[in-house]
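The values are calculated or read from the model by the stated rules, or taken from the named source; none is laboratory data. These figures come from a predicted structure and were not determined experimentally. FYI the Cβ positions are ideal-geometry reconstructions off the backbone, even for glycines, and counts take in every protein chain you see. Note: accessible area is taken over every heavy atom of the protein model, side chains too, but ligands, DNA and RNA are not part of it. Shrake-Rupley method; radii C 1.70, N 1.55, O 1.52, S 1.80 Å.
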Amino acid sequence: MLEKIREGSQGVVAKSILVLVILSFAFAGVSSYLGTSTDVAAAVVNGDDITANELEQAYQNERGRLEQQLGEMFDALSADDTYMNGIKQNVLDRLIADKLMTQAAEDLGLRVSDEQIKQAIVNEPAFQTDGVFDNERYLAVLRQLGYQTNSFRDMMRTDMTRRQLLTSLVGSEFVLDGEAKQLAEIQGQTRDIRYLVVDSSPYLVTASVTDEEIKTYYDSNLMQFMDQEKVSLEYVELNAAELAKGMDTSVDEARKYYEENKQQYQTAEKRLAAHILFASGDDSADEAKAEASLAKLQAGEDFAEVAKTDSDDQFSAEQGGQLDWFEQGVMDPAFDEALFALNQGEYSQIVKSEFGYHIVKLLDIQSGAAAPFEEVQDKIVADLQNKKAVDEFYSLQSILADTSYEVPDTLDETAKALGTTVQSTGLFSRDNAPANLSSPDLVRTAFSDEVITSGMNSEVIELAPNHVVVIRLLKHQDAGTLPLVDVKSGIEARLVQDKANLQASEKANEYLAKLKAGEEITDVTIATKAQLARFNQDIDQAITTKAFQMPAPEASSVSFDTAALANGFAVIALDKVNAAQGIDSNVIDSIKQRLAPQYSEADYRSVVAALKSKAKIEYPVAE
């Protein structure tokens, strides 16, 4: 057979085909070296591409920022494809805005010189070591970010050019004193009100609704009863922590492990140190003082007395230089090395550390000792159980993976091979998975086409270290409108409340008419609130909001209105509007500082909107 293939390959047709194949690879290789990109643009802004790679990189950066900001909450949010698609669209919108601003800056002739770029790089703290530009650090950071020096400088040039325009926009915004004062007067204004509340609860008893009313409300508000896509699952779970509970470990095993690994339970040797410290800040003077003190010690003077007179560490000097007990590796490396090289009662030569110059003395030694077996027995037993469980886990994980793959249309065989049972869940949506299965990877897999469409077992999913699961679809419910029978009781309760509120509203209007007519009301309590502030939390927020929406009353008159509450209505009488108090220059300056960035943000959005209205923005679709 090989001989026939070799003979056939020598024919004219075969050689022609081979030449064509070689040429196709050659042209493909040449085009890649020439820099031709097959990357489909995510958007084209006035002829300039925003590539899919640019979008993906910006999207991943935003994901990282959100993950750092939100922590574990982001894991749950990231399982929602709709939420993440929204994030990606926001990133694309931001890239489009940046592109429009860059184009506008170029049209205005704004430029950034090479020297400006150089200075920006030199002054960037991320590229500095001890406040000085570090070229090695600069190159290392660029490598970490995936930039070449030329491409990074080009990016800097584009960004700095765009920032020139941004700075001219947002940096020129200002707030007038009159604007800030007017806002302060509005915010600081208070109102004197009286109000009464008509509770709807008493009317719930007499309110009733018919099935026809319920059906009419349901048909008219179908969007309120949309339900999310849901699945229920079968699954086989393998958890080392659960396996550990069934692992037998005898005292003899634990004792044997203890004897073989006694060093693990050894307490470290500790040394009681004393020192004489020289740390005035003048390096040469400190060294000279240290040599003088060392000479005193060598002449026979007492270490504690020299420490009291010469040491710059006043706290330890009062104790004759005594510090504390230290394990090896705790102190400054130079100090540590000197201390653990001494015999008891000896002092060192002069030692230079980051704190200054020392003369170190070893006062006492506390030898390390092994903890008794009885003290560590329970821990050893638990460790051995966990070790056995992990070994068993990895063995069973292979069986789990192999069996669930080889018998993909059921989990019964997998459970049987593992000696466990198939478990199941009720229906759940993407955002309310059962607590023991609420892993983003599991939720993503559970709602994937692979699991829903094929009906086969999933791949092994890791829920946590040494904790895995294989799932299989049990039931799938498409997103859609909930049936009337499932929501009937809720609709009925709402309609009953609405009817009770309507009766409360009618009663409130009766009281309103009496108040306007100047009649006295005795069957309900009228509360008074003087100098009600706009952000008051003492009374129902609906009453406060309505009070500040009502027109100021004419002289010697009162303004009246009603406000809908959660369970009833309120009748409000506005007696007086009080001017704001205590508005000084500090208040005005504070408001100006708060308003300025808001105005700048509004300016930026307006400019981007104006540029978008004149731009040609296309969204190519990859074929």
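Structural remarks
- Each other residue within a Cβ distance under 14 Å of Ser448 adds +1 if Lys or Arg and -1 if Asp or Glu, for a net charge of -4.
- Placing +1 on the Cβ of every Lys and Arg and -1 on the Cβ of every Asp and Glu, with nothing else charged, gives the chain a dipole about its Cα centre of roughly 2080 debye.
- Charge sum, other residues only, whose C-beta stays under 9 Å from Arg271's C-beta, Lys/Arg counted +1 and Asp/Glu -1: -2
- Residues of region 366-393 with an amide N closer than 17 Å to a point placed 7 Å from the Cα of Val251 along the Cα-to-Cβ direction: 372-382.
- Here is what passes the span test in the chain: the DSSP H helices with alpha carbon length of 27 Å or more along the helix axis and a Kyte-Doolittle mean of 0.0 or above are 12-34.
- Of the residues Ala338, Ala295, Trp325, the one whose Cα sits farthest towards the positive end of the charge dipole of region 284-351 is Ala295 (charges of +1 on Lys and Arg Cβ, -1 on Asp and Glu Cβ, taken about the Cα centre).
- Whichever lysines have a C-alpha closer than 26 Å to that of Lys99, once near sequence neighbours (fewer than 8 apart) are set aside: Lys88, Lys118, Lys612, Lys614, Lys616
- Region 214-339, accessible area per residue, ligands and nucleic acids excluded (1.4 Å, Å²): 56 Å²
- When Arg191, Arg255 are compared by accessible area at a 1.4 angstrom probe, the order from most to least is Arg255, Arg191.
- Accessible surface of the chain, 1.4 Å probe, proportion on carbon and sulfur as whole %: 51 percent
- Labels on offer are [x] 64, 30, 23; [y] 74, 27, 23; [z] 60, 49, 41, and the one holding semi-axes √(5λ) of the Cα gyration tensor in Å computed from this structure is [z].
- Estimated FRET transfer efficiency (Ile365, Asp282; beta-carbon r; R0 45 Å; 0.05): 0.80
- Residue-count net charge about Glu492 - beta-carbon cut-off 10 Å; Lys, Arg +1, Asp, Glu -1: 0
- Within the chain, helix-based [θ] at 222 nm, where runs of 4 or more DSSP H residues each add -39,500 (n - 2.57), nearest 500: -17000 deg cm²/dmol
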